[in-house]
Amino acid sequence: FLIGATPILFLLPAAWFLLPESPKWLVATGQSMRAQELCTKFGLPESQFLTKPVSRDAIESGTPAVSAENPTGKSGFAAIFSRVYLPGTLLIGTMSFVGLLSTYGLNTWLPVIMENNGASSAHSMYTLLFLNGGAVVGGLLASKVADRVGAKAVITVTFTLAAISLMILPFTNNVFLTYIPIVIAGVGVLGTQVLTYGLTSNYFDTSARAAGVAWCAGFGRLGGIVGPVATGLMIGAGFGPTWAFGMFAGVAIIGVICTMAIPKSPAVEKTITTEPTASTDSRARVTEGVS
């Protein structure tokens, strides 16, 4: 427990002094000068962030003006549960629920399930190393791809890979070959959960983003409770590894369905940039991006 608490001693001051605030949030709360300084310091496009400031009173009262950047005219939980965001909010919550159900269920019971499937005690413990190793490496690679093609497409693929790998795990007889689907499952379960947070932060507008990410993490934690309990009850009732892995594969399929069903973000962010042409003239280009 002491070792687990130690990183907080370093992360808290590092976050406080070194982690920059969101320029959009600064603008929305009337701190445009600070936002401009951040854009200059980190080379961020000012045209994307320094647009249409909203007063602090509007944000705190929960009644900012309706605009393309704030389609609900609300902030916080009032925004994410408004009619505009509600379908996406429920689907994202379900995604996080099934992701953390599998994450905590597998991290708690995978060695026991593998031992019941015929693996030795040593190999059963190694499965946790490969599960989490796959999550670390695969999560980093998947996030890089998500930056290019979008998190929704990548999460759909990783959830699908997790479902397939978990379904074939009980029928893999070679103990060393089992590590391959376990690594893929790590990418598709634990790694996917990280991408879900990224998708969530891009889905909601600035005034609703903190509440959206809190909802994703908070509702997902219920899955983190259900996963170990449900798996333990299943093992205690005498169901074999096929049933256990089948349950995790099933919830991964639910994750696929939820991810595919997420609508486009209602928050349309408009930015104007200028590009020089071959002549001395420059033309304005209006781009609209939906996260």
Listed by first then second residue, the pairs whose first member lies in the range 176-205 and is closer than 30 Å to Val84 by Cβ and in contact (Cβ under 8 Å) with a residue 40 or more places away in the chain, whose partner is part of a loop (DSSP other than H, G, I, E, B) and of a type in the set (Asp, Glu), with beta carbons under 9 Å and at least 6 positions apart or on separate chains, are Asp205/Glu69
What tally of residues in the range 185-214 results from selecting those that are among the hydroxyl-bearing types (Ser, Thr, Tyr) and within 12 Å of Ala267 (Cα to Cα)? 4
Pick from the range 1-42 the residues that are among the hydroxyl-bearing types (Ser, Thr, Tyr) and in a helix (DSSP H, G or I): which of them is surrounded by the most Cβ atoms within 10 Å (Cβ to Cβ)? Ser32
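Since every read-out is calculated from the coordinates, none of them should be taken as a lab result. Here the structure is a predicted model, which means the values were calculated and not measured. Glycine also receives a Cβ, built like all others from the backbone with ideal geometry; neighbour counts cover every protein chain displayed.
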